[in-house]
Every structure is written in C-alpha cells, then in structure tokens.
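Comments concern the structure below.
The values are calculated or read from the model by the stated rules, or taken from the named source; none is laboratory data. Just so it is clear, the structure is predicted and the values come from calculations on it, not from any experiment. Cβ sites come from the backbone with ideal geometry, for glycine too, and all protein chains shown count toward neighbours. Side chains included, ligands, DNA and RNA excluded: accessible areas come from the protein's heavy atoms. Shrake-Rupley method; radii C 1.70, N 1.55, O 1.52, S 1.80 Å.
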Amino acid sequence: MRGLETFSQLTWRAGSTKAEQLVVAAGVRVEDRPLYQHRGLMLDTGRTYFPVADILRTIDAMAGNKMNVFHWHITDSQSFPIELPSEPALAEKGAYGDDMRYTVEDVTRIVEFAMSRGVRVVPEIDAPGHTASWAGAYPEVVSCAGKFWLPDANDWGSRLAAEPGSGQLNPLKAKTFEVMANVINDVTSLFPDGFYHAGADEVTPGCWQADPSIQADIANGGTLSQLLEKYVRAVHPHVVSKNRTAVFWEDVLLDATVNVSASLIPPATTILQTWNNGSNNTKLIVQAGYRAIVSSASFYYLDCGHGDFVGNNAVYDDPRSDYDTNGGSWCGPFKTWQRVYDYDIAHGLTAEEAKLVIGGEVALWTEQADTTVLDARIWPRASAMAEALWSGNRDATGKKRYAEATDRLNDWRQRMVGRGVRAEPIQPLWCRTRPGMCDLVR
Amino acid sequence: MAALPSLVVLLLLLHPAAAPAARAPPPSKPPPPQPNQKVFVWPKPTSISWPSVVYAPLAPSFSIRAVPSHPSLRHAIGYYSRLIRSERHMPLVPPANYTLARVPVRLLALSVSDTEVPLGPAVDESYTLSVPLDSASADISAATTWGAIRGLETFSQLAWAGGGPAAAGQPIVPSGIEISDRPHFTHRGILLDTARNYYPVRDILHTIRAMAFNKLNVFHWHITDSQSFPIVLPTVPNLAHHGSYSPAMRYTDKDVHRIVNYAAAFGVRVIPEIDMPGHAGSWAGAYPDIVTCANKFWAPTAMPALAAEPCTGQLNPLNPKAYRVAQDVLRDLSALFPDPFLHGGADEVNTACWEDDPVVRRFLQEGGTHDHLLELFVNATRPFMVHELNRTVVYWEDVLLGPKVMVGPTVLPRETTVLQTWNNGAENTKRIVAAGYRAIVSSAAYYYLDCGHGGWVGNDSRYDKQEKESEGMPLFNDPGGNGGSWCAPFKTWQRLYDYDILHGLTEEEATLVLGGEVALWSEQSDAAVLDGRLWPRAAAAAETLWSGNKGASGRKRYANATDRLNDWRHRMVARGIRAEPLQPLWCPLHPGMCNLSQ
C-alpha cells in the first residue's frame, strides 16, 4: 500500500491542456521504509462531533501521507458519542444529539476503511478524568459533575477540571468498575487493534475532593494517588486480559500530584504517551523502561496558538498591546509546519533509550475546531510530521532539510487540495514557483 | 480625593459636548436584570421593545413588498424572500414558554423615504421594524434603500423554526416587536488581500453575502501587491498578463462588474486598493523599467531587507513612465469602481529597494531624500485621483506617520484624504485624528485576522530548537513567544469584540473616526480556508461597530455576546459560511458554564 501511494505521487499531468497525459518517472527505483513504526494523528471527537465522512476523509489523507495510526480520542467530558451495545445509556444521555453518535455500523465502517488504507485505529476512552459526559447515564459514579469548573478564577488550584466541563469517575463506587468493564469489553470487540488507549490524563484533585465519599476516604487517611491506583489496579489487568497493550497518557506515572506506582503498569503491557515538557518527559518515560509515543504539546499539538475558548474573559479587554502574551492559549504559539518538521522525537536519548520510542502523533483537540475547519487544522502540518517520522528531517549530509522541504510541501499541499482535502496554504503562490526566494536566509 | 469633583467640572468645561453623558450619575446599584428576550439578531440592534413573548407564524404566501416599489431594492427583496421562506433556523437553545399568535404574517412592507440616495460614505442606514400584535403585515421603514436592506437582514434573523404543529412548519417571528436601529459607525469593513493568494470570484461574492448578514458595509479589496497583479485593466492589460499568477487567476472587467453590482445590491461598498509605490513587484513583469529592486532576494545577507517580506519591487518615483502607468491604472480603476473612495496604498515604503536603483542613488547623492521621493510620487498621483477622478484618497497611515519615509500634511489635504491606521493601536488613531484627518481603524493588535499563525518564510532555523528556551533569552517557540508571527498572538473574537476604536480620543477627535476594518492578509490563506479565517471573528467587530460592545449598564457585554455569537455562528454555517466554532457545543448548551468567571 505504501508503494502504491508512492507510485500515485510519481504520476503527474504533462503536456498542453489539449494533449494532456499522465506521465510517470521512468528509470526510477525507489527503496523505502519508515524510521518509526507508529506515525499517528489523534482526533478528539469528545469536545466536538465529527461526521463519519470527515473521519474517513481524514484517514484517507493520512494514508496519502503514509501515516498509519488513527488515534481516536472518542469520548471526553463534553460528550460521549459512541454507542456501546452493553452500555447504550452512555451515548443516549451523553452524546450531543441523536444525529451526533457513532453507531456500531459507523465504527465498523471506519475501522474497515482504515484497514483498507493500511491505517490502524486505536480507540481511546479517556478515564477516570474527562468523564463528565458519563454522568447523564450514571450520575452516581461521577464526582463533581455539573459543577462550575473554576470556583475561583484567581486560584487555578481550585479548579474542578482543566477546562469547562467537570466530572471524574469515582473509584470508590463499585458501579464505576462494572460500567468500565462493559466499556472495555465493547470497545475491544469493536476495535481489533492490539492497543487500547485508557486515557488517565489530568486527573484533577479538586474534582475528587468535592465528592463527599472521597472526602470521607481522605479523612480516613486515603490519598488521591491511592484512589487512582485503585482505579488502575482494576482497569489495567482487564485491558490486558483482552489481549491488548494499554496506552496511557504520561500523567498516570509523571503527574506531580496524582500518579500510580510503576509496579501497577508493567512495561511489557504498557505504553505511555507524552505531551508535556518536550523531550524531557520522553526521556523520563523511556528511562523508566516504557515504550513511548511522542505528542509533545510544544511541537505536535495542532490546536495551540488559537487563543482561548473560555468566555467572559476580561484579559482581552485591555487597550494595551497583547504582543507579549500568549493570547489566551496555554500552549501558544501556533505550531508552524517547520516547527513540527524540525522536532527530533528521540532528542537527548541514548541509542538504547531511543529504541523505546515507537513513534509520534500530532494531536487535534477540538475545543475550537469542527467539521468546517478540520482539514486546515490538520493539513499540511501533519504531513510535516509524517515525513519526519518516515524518512527523517535531515538530508544525506545530516543537515536539517526544512528549507528544501518547503518547496516540496507547497507542491504536496496543492496535490492534497486537488485530492479534496482543504489543507491550508503555507505560503503565497508566488513562492511556489520561485524556489528559495521566500526563504529567511538564502 | 477632594480634587476629583473639580476635575470633573474642568472636563465639562473643556468638552461641553460630553456634558449630557456625564450628567447621568453612575448607577449605585446594578440595573434590574433584563427580561430574557430571546431575540437572536447579530449585530444586536440598538433598541428592541418586545413587551410580551408572543410569536406569529409567517403565512405560506409570505411576501415582501416595497411601497412604492424601487429597482434598487429588487435584488434584496428577492434574496430575502427566498432566504426567509426557506431558512429553518433552530437556535442551539430554543426559546421555551411562548405564545403563538393566531394571525400569520402575510406581508412585510418596506417604505423608503428617499430611494435616490446613492450608496457611499456616511449613508443613512437607520431603519425601524415593527411586527404589530395580531396584524397580518409587518413594516420596515428606512430613510434610504440601504437602511431598508439592513432591516430585511434583521427580519430574516428574527425568524426561526419554532411554533410546533400550530405553526405548520412555517417559520415564526416575534410579534408585538418594535426595533429601532442604526449603526454607531458608518464605515464597517473587511479587507481582503487577493494578491498574496488569489480567490475565485465566487469566494468574494460569498464573503460579501456574509458581510451583509453581519451588516458590514465596506469590502476593501486589496487587489494587487508585489506577489501578483490579478486585475485586468483595459488600458494596461499587460499588468495582469504578466503579473497575475495564471490566466485562470485574473479578475476581468466582467468579474469586477459582477462583484460591484452584487455588493451594491446588498448595500456593500467596494473600495479598490492598488498598493503603490511599495508592494509593486508584480508590475515589473509588464514594466520592468518602472520598478526598482524587482525580483531580488528580499533579505540579502548583511544588508537591509529590500521589502517587508519576500517579493520585492517598488515604483520608481524618478521615472516619468511610472506615473503614466499609475495614472492609467487609477483611471481604469475609477471607471470600474463607482465608490467615492479610492485606496492608494502607500504602506511600508522601503528605502533600500529604492536605493537599489542607480538613478535613485544619484538623486540621493545630490541631496535628495527618501521623503522627497515619496512626495514626488504622492504629488504625481494624488491630485490626479482627487481632481481628475473625483475621489477621496485613502492611504495607509505610513504616508504621514512613517516611521521611515513620510510626507508632510501639506501634501495631503485633509478634506480629500482618509488615513487607515494599523500600527500602535489607539495611539496612532489619536495621532491621525489629532492631525485633523479622518481615520479608518485596522489596528493589527486587534483587527488583523492573519496574526498568530506563525511565520511562513522558509528556511527559518528558529523553529529547530529541541529544548525549552532558556530563561533570559527572548522567547520564540515557547508560550509567550510569537512563533514567527510579527503580530502574534492570534486575535480571538473576544479581543476584536472588546476593542474600543475611539479609546483615548476627545469627543471632537472621535467624530473623525469613520469606523473600522478587519483585515485578512493572505500569505497563509486562500480559498481552502477563507471562511474560517474571517468568521465569526469579523462578526465580533461587526457588532461592536454597529451597536457597541457595552450593555445598557455601560459594562462590556462580551459574556452575554458569547452565547449569542455561538448561535449566530451556528446560523451562519447553515447559511453556507464555514465559520469556525468558538467553543465546544457543550458550552452553548450549558450557558455560562464555559466562562472564566461564573
């Protein structure tokens, strides 16, 4: 399949408009293989629903870029859009609407289409944090659901969630594990991939601390980390029992406040996905013996630099210039394609450590994106990562090849637009026909 | 403390015009909560009275008529009849608990006092709209055709798909409602740059339609720049033949007529800009001899840059042929665009580019200055635009404020010059009006829609940093850094909404501010992404310029606007505008829950 894609890109239309014909490079021999086995895109359909057609088009575009993992962040606090046969109430009460749910047929269609393009689909059901949407069906298992997310705007520590929409599964309720087991059973039977992403990012102390049963537990000497351990101790073996490798966000191990002991997440059956502190956290993960998927926010988060979406924010009502601020985006500035392209995901690792880095994923969190703007948020920046993870970002002499990549990416973006993907332009058209003239340094 | 009252008296003496506003004491208690009117109109009208929550269905035979009829309204009536009859808007949080009137509305009658007033600067766009209780007809009355068109847009937004079976699938509108509406500013625009990247005609028409939805009334068409010259001008067709990106990427005179007529039918003026003498590299294809420094690398090592960004070229003020061509361009332009304003550009004149030319160098060696060169240029083009073409000339502020190359006010008579500001926020607006000029506000720190998208120039090693930036070093990639965008960060809709374009001006100075324009420079945009770049952020500016950004209490109303803009964005998408979302859908469905402060 990768070879077919390459062949398709070797062809182009030559000749005049009247005598146009498809030509292909002759006398050419291509030898090719990827540097990294895991080259993915994460799409969040929990903040915002995306029609199936968008997902199929995105997967198709991924195959065009030889990317091979669609990490589907299916649910979040804002909505629970997937219909699970054993737990139908979750989508019934947690999806945005009847027409904003993924049925079993939808999922099958997506998984099969992805397979036909050589793309794996790794499902993520984020828990125990980011689960307010479960409260529609099971209010009793969700702590702090329905509460305003930031009781004191001047005290970030008081937050009940990292952003609006608060709610976390309560590990003290037996029902939590009953529901979770059904969810894992259903999701692993819908998605054949060997990985199951269990989330576990941003467990927020304030949310658990707002729950009376947890308050009582803490009063009896319990800790929040113990609560998370109770959760992981039940979930991790269940995932493994389904013959899956469990993927977690790095927080489960590295969060400063709420984390679990490494003994609960054996490296043999666990992969950690990093998003904070750039290469530092990748290093921490692989040094602890885990395989790592790299999604560093300062390189690979495609939503960054778009300001903030939270309302009633007086910070914008300032007559002074805002040049010195991040404009409200916690991970600003915007990551340009060059920024994405230049990232060395094995930076600072020993050769031995680097072997544990299985690859990377660009991520689109969708607080500020939906079907109207999906393509342009992803493309062509995801293409920049796709090349860096496939054949690297350096030329034969070992020099970073971003200058040379500019012209090629201009052309590839145009081809993607021709293929029906509304990728954004990286430069004025003028630059495309004058190689080098739009560089910073000649 | 005791000094405060006397200071107030002093201010009143200095600015008697401010007295009425100052006389009202500040409210000691917060005003009583407004009844939740559930009237979804963007931009919010100046005044709405709707005593009881009653809706009336539109009759299947609903029609719009102008009495007396007038040709300039024909298109708008046709357009809005179709829109109102076919649109079935369902608000994200639909109103509940309302009464449905029994008498359906069959007729919307328009009356216009003076149908002859042409579309142009300072035209009266006021209107009143009323849907009387238990009446089969609604009315819009306006001073001009253009006000009537604004009223039609308001009426279209009043309609939504409520009423249940009793409405029989017909849209319903508030009944017993009176709206009296007029804009704060007469100039409310969007600048679109069609030179860095080309936009097909249909994208421009589509954008103009979306502008009318938002009661914006000026399409500032930045037609040409150094990268391309896409407009075919009858007298000087070679400019486009050699300067456009391709034959398919040109605007013919037919295209221009279509755009101008379409815009006029929606009450939108089209102000053309041919940027000169800077930003003129694309002229060199047809006339290499009149352009200095054309086709050179823009940022030569160890030398000053030849242009503000890649693609160099400036008209040479010492070459008489430059003026012959420029005048041909301007004459053709005035024949194509009827608007009384003509934008002459004049931003970012680059000294190094001129100095690249030997004739210019000799001129400078003999005691000439860069300012003198610009003055030559302005004197050879501006009087022509004013006297021969009968136009008010709009320039970017640079022509007066520099910083590097500028001319004195004597060269720029105030009665025929308008200056458009883009630097230094409110400060430069103040400098412009303090100098006696009318101003159009496009402050980059608020109104530039392209900002915060990183840099687009290639071979930029600054992105190739693997480690966190060390303390004490200037930030670039890390939070707080601009990521390569000179005008970062990205301007969120709240940032645009909150801008007071009169900030820091006296009452007198404020009268010189015509209004504002949001701007989309197209280095990183083309047809693939146009809608999402413009909308809904341009809508935020549209409301502020139309009815302000403050509630009745005088407080900024951005919190209240959030839910309304979510709904309006939802409606725009249904109208075919691919506006980007402001928030997850969860937020409008849970009003107030996504605020920073409860």
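Below, the figures for the structure above:
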{"item": "Verdict on B:ILE501 being assigned to a loop (DSSP other than H, G, I, E, B), more than 10 Å from every other protein chain (Cβ to nearest Cβ) and at negative phi", "result": "yes"}
{"item": "Single residue of the stretch A:388-403 satisfying the filter (at the interface with chain B (Cβ under 9 Å from one of its Cβ atoms) and more than 19 Å from B:GLY454 (Cα to Cα)) that is surrounded by the fewest Cβ atoms within 10 Å (Cβ to Cβ)", "result": "A:LYS400"}
{"item": "Check on A:GLU361, open to solvent by 10 Å² or more (accessible area, probe 1.4 Å) and either in contact (Cβ under 8 Å) with a residue 24 or more places away in the chain or facing chain B (nearest Cβ under 9 Å) (or both)", "result": "no"}
{"item": "Set B:GLU507, B:GLU517: member being of a type in the set (D, E, K, R), more than 7 Å from chain A (Cβ to nearest Cβ) and open to solvent by 10 Å² or more (accessible area, probe 1.4 Å)", "result": "B:GLU507"}
{"item": "Residues being more than 20 Å from the chain's Cα centre (by Cα) and either part of a loop (DSSP other than H, G, I, E, B) or within 26 Å of B:PHE219 (Cβ to Cβ) (or both) - total across the stretch B:536-565", "result": "7"}
{"item": "Subset of the stretch A:3-58 [of a type in the set (Lys, Arg) and surrounded by 14 or more Cβ atoms within 10 Å (Cβ to Cβ)]", "result": "A:ARG39, A:ARG47, A:ARG57"}
{"item": "B:ASN390 being touching a Leu at 6+ places or on another chain (Cβ under 8 Å), of a type in the set (S, T, N, Q) and open to solvent by 40 Å² or more (accessible area, probe 1.4 Å)", "result": "no"}
{"item": "Filter result for the condition that a residue is within 17 Å of the chain's Cα centre (by Cα) and surrounded by fewer than 21 Cβ atoms within 10 Å (Cβ to Cβ), over A:ASN243, A:ASN277", "result": "A:ASN277"}
{"item": "Residues (open to solvent by less than 10 Å² (accessible area, probe 1.4 Å), part of a loop (DSSP other than H, G, I, E, B) and of a type in the set (S, T, N, Q)) located in the stretch B:105-147", "result": "B:THR144"}
{"item": "Selection count, the stretch A:79-123, where residues are touching a helix residue (DSSP H, G or I) at 6+ places or on another chain (Cβ under 7 Å), farther than 28 Å from A:MET1 by Cα and of a type outside the set (S, T, N, Q)", "result": "11"}
{"item": "Index of the failed condition, B:ALA380 passing every other in (1) more than 20 Å from B:LEU342 (Cα to Cα); (2) touching a residue at least 40 places away in the same chain (Cβ under 8 Å); (3) open to solvent by 10 Å² or more (accessible area, probe 1.4 Å)", "result": "(1)"}
{"item": "Residues located in the stretch B:243-270, provided they are part of a loop (DSSP other than H, G, I, E, B), out of contact with any Ser or Thr (no Cβ under 6 Å at 6 or more places or on another chain) and open to solvent by 20 Å² or more (accessible area, probe 1.4 Å)", "result": "B:SER246, B:THR252"}
{"item": "Test: residue in the stretch B:481-491 that is open to solvent by 20 Å² or more (accessible area, probe 1.4 Å) and facing chain A (nearest Cβ under 8 Å)", "result": "yes"}
{"item": "Failed criterion for A:ALA351 (all others in (1) more than 10 Å from chain B (Cβ to nearest Cβ); (2) buried (at least 19 other Cβ atoms within 10 Å of the Cβ) hold)", "result": "(2)"}
{"item": "Residue within the stretch B:290-298 that is open to solvent by 30 Å² or more (accessible area, probe 1.4 Å) and either assigned to a strand (DSSP E or B) or not hydrophobic (A, V, I, L, M, F, W, C) (or both) present", "result": "yes"}
{"item": "Residue in the stretch A:332-344 that is within 12 Å of chain B (Cβ to nearest Cβ), at positive phi and of a type outside the set (Lys, Arg) present", "result": "no"}
{"item": "Of all residues making up the stretch B:228-242, the number that are open to solvent by less than 10 Å² (accessible area, probe 1.4 Å) and either touching a Pro at 6+ places or on another chain (Cβ under 6 Å) or not polar (S, T, N, Q) (or both)", "result": "7"}
{"item": "Test: residue in the stretch A:220-241 that is touching a helix residue (DSSP H, G or I) at 6+ places or on another chain (Cβ under 7 Å), among the hydrophobic types (A, V, I, L, M, F, W, C), under 27 Å from A:GLY348 (Cβ atoms) and assigned to a helix (DSSP H, G or I)", "result": "no"}
{"item": "Meets criteria (crowded, with 21+ Cβ neighbours inside 10 Å, of a type in the set (D, E, K, R) and part of a loop (DSSP other than H, G, I, E, B)) for B:ARG188", "result": "no"}
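Yes/no per residue for (1) surrounded by fewer than 23 Cβ atoms within 10 Å (Cβ to Cβ); (2) at pLDDT below 95; (3) aromatic (Phe, Trp, Tyr):
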site: A:ILE82; (1), (2), (3): no, no, no
site: A:PRO88; (1), (2), (3): yes, no, no
site: A:ARG109; (1), (2), (3): yes, no, no
site: A:ALA137; (1), (2), (3): yes, no, no
site: A:ALA145; (1), (2), (3): no, no, no
site: A:ALA153; (1), (2), (3): yes, yes, no
site: A:SER166; (1), (2), (3): no, no, no
site: A:GLY194; (1), (2), (3): yes, no, no
